[in-house]
Amino acid sequence: MHKKLFIPGPTEVRDEILQAMATPMIGHRSSAYADLHKSVEEKLKKMLNTEGRVMLFTSSSTGVMEGAVRNCVGKKVLHTLNGEFSRRWCEISKANGLPLDTIEVAPGKAITPDIVDAKLAEGGFDTLCLTYNETSTGILSPVPEVAKMVRAKYPEIIILVDAVSCMAGVPIHNDEWGLDVILAGVQKCFALPPGFAVATVSARAMERAKTVPHRGYYFDFIENEKYAVKYNTPATPGISFLYALDKQLDDMFAEGLDNRYARHLAMAEHCRAWAKQHFALYGDEAYASPTVTHITNTTGFDFGAMNKELGKRGAQVSDGYGPFKGKTFRIGHMGDLTLADVTWLTAQIDDILGM
């Protein structure tokens, strides 16, 4: 029995998207491929509100996170930690031997302009890493406000943003905010299968990369740009993903981006209200995520048993991540899910737990 996924990713994939992935294969050096690549890039640029380059990578988001720091960190990178996935990005920089420092807030809190400003004022940094939507805690940090402060006071800083669990679920104005790289995998709000990622790369980031030795190979921005100008990639891309992404972007524009973002918020608001009625929201509600709701298990119910019964009814939610396991649970409401879907879901949990 298929379980509809209400987890923070991978998300439920519509049959139409799976069918698009079954489109007959073409050669990746053909004009047909270049046309497909161009179509996807132009639609992504429209969605992300950028005139710059959007690069396509056959990879998980983690690969592009590594590529971003390898291409952009010259002097020292500041990692902003407010959960397990922002911490992962820091671990990636450590694994690559990059000079770094961190600021950390308690889980459930957001990264705000004042704390970033205070740390950057110490000097010595040339790169900043921000996690827009921290999947482990359900917190959406105010990245637009942080970026505005950085651009005004520290114009030399390259801003890298992990938008893995919110891109295509919240508005992103790349150029207006002054971002250099914002990246995401397609298995969350895009509602495609996992295995493909997209990223903006600004002219500033490209110039920085030219000064950085040992950028690696697969994610080298300079090497990728040589092919991107011809709507191609250095290595063989996941062509089936591009067919699916092209189809999904068309459907997103048909729905209307503002309508899509409003749908995500409506699902979030339903889940938050339900959580507060029966349990408690985890973290600062002022920064609650529009794509994943993080709930404290205040009643101490057996999450595993509940999720097993929920599976028999055709759905799945997620346990807390890392240190939160067994203490919280998470409902992912992103991609092509609807308010009717999450209303049905919470009714099922009510019934299972006798609430």
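We did not get these values from a lab; they are worked out from the coordinates using the rules stated. Note that the structure is a prediction, hence the values are computed from the model and not measured. FYI the Cβ positions are ideal-geometry reconstructions off the backbone, even for glycines, and counts take in every protein chain you see.
Just list whichever of LYS38/LYS75; LYS188/LYS325; LYS3/LYS46; LYS153/LYS226; LYS276/LYS308; LYS38/LYS188 have alpha carbons separated by over 25 Å in the model shown.
Table pairs above 25 Å Cα-Cα are LYS38/LYS75; LYS3/LYS46; LYS153/LYS226.
Tally Lys/Arg at +1 and Asp/Glu at -1 over every other residue whose Cβ is under 14 Å from the Cβ of ASN232; what's the total?
+1
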May I ask for the distance between the Cα centers of region 84-107 and region 183-247, given as a whole number of Å? 22 Å
Using alpha-carbon positions, the gyration tensor of region 273-344 gives root eigenvalues a ≥ b ≥ c; with a/c under 1.5 called rounded, otherwise prolate if a/b exceeds b/c, else oblate, the class is oblate
Tell me, how many Å apart are the Cα centres for region 275-321 and for region 120-165? 28 Å
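If Lys and Arg each add +1 and Asp and Glu each add -1, what is the summed charge of the other residues whose beta carbon sits under 12 Å from the beta carbon of PRO107? Please list the in-between numbers first.
Working: positive: ARG87, LYS109, LYS327; negative: GLU84, GLU104, GLU134, ASP284.
Value of the local net charge: -1.
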Within the under-15-Å Cβ sphere about GLN248, not counting GLN248, Lys/Arg +1 and Asp/Glu -1 give a net charge of -3
ALA254 to THR211: extension gain in nm, 0.36 nm per residue of separation minus the Cα-Cα distance? 11.3 nm
Taking a ≥ b ≥ c as the square roots of the Cα gyration tensor eigenvalues, with a/c under 1.5 meaning rounded and otherwise prolate when a/b beats b/c, else oblate, which class fits region 119-257? oblate
Check LYS4: other-chain or 5+ apart residues with amide H under 5 Å from its amide H, H built from backbone geometry? ALA315, GLN316
Picking from THR58, TYR33, ALA209, whose Cα lies most toward the positive end of the charge dipole for region 15-253 (charges on Cβ: Lys, Arg +1; Asp, Glu -1)? ALA209
Suppose only helical runs count, i.e. DSSP H with n ≥ 4. What mean residue ellipticity at 222 nm does that imply for the chain under -39500 (n - 2.57) per run, divided by all residues and rounded to the nearest 500 deg cm²/dmol? -13500 deg cm²/dmol
Can you tell me the length gained on complete extension of the stretch ALA22 to GLU104, counting 0.36 nm per residue apart and subtracting the Cα distance? 25.1 nm
Once both label points are put 7 Å beyond Cα along the C-beta direction, the ASP175-LYS276 separation in nm becomes 3.9 nm
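Counting other beta carbons within 10 Å of each Cβ, put THR346, THR338 in order, fewest first.
THR338, THR346
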